[in-house]
Amino acid sequence: MSRDPARRIADELGRRGLAAPARLLLDAHLPIAPLLSDAGAALTPLLRAVGGRTLEDVSRLLDDSDGMQRLIHELDDAEERNAEPG
């Protein structure tokens, strides 16, 4: 069984040092999440070849009404995991 797309994206953003900027952008774009979902539905078939699995994960999150909130939660959890000593 594969991990949740939100968890995979959060881990990848954290690995690249982009968790904080992604968190800010997600918070800023929550009000227009339905519009982003529509744009994702329109553009996903065109961009799938370029983006691969990551793009499919993003598309799934945008299609899910709670997807952006789950990604925010995963980013926060990843930050807490990385902040723990040891």
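The values are calculated or read from the model by the stated rules, or taken from the named source; none is laboratory data. All values derive from a computational prediction rather than experimental measurement. Cβ placement follows ideal geometry from the backbone for every residue including glycine, while neighbour counts extend to all protein chains displayed. Only protein heavy atoms, including side chains, enter the accessible area calculation; ligands, DNA and RNA are left aside. Shrake-Rupley method; radii C 1.70, N 1.55, O 1.52, S 1.80 Å.
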Note to self: Treating only the Cβ of Lys, Arg, Asp and Glu as charged (+1, +1, -1, -1), what charge dipole size does the chain show about its Cα centre? Round to the nearest 20 debye.
What the structure shows: 360 debye
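At 1.4 Å probe size, with the rest of the protein present, what percent of the exposed accessible area of the chain is carbon and sulfur atoms? Let's see the in-between values first.
Numbers: 3470 of 5900 Å².
Whole-percent figure for carbon plus sulfur exposure: 59.
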Check: Of LEU18, ILE32, MET68, which is farthest along the charge dipole of the chain in the positive direction, counting Lys and Arg as +1 and Asp and Glu as -1 at C-beta?
Finding: LEU18
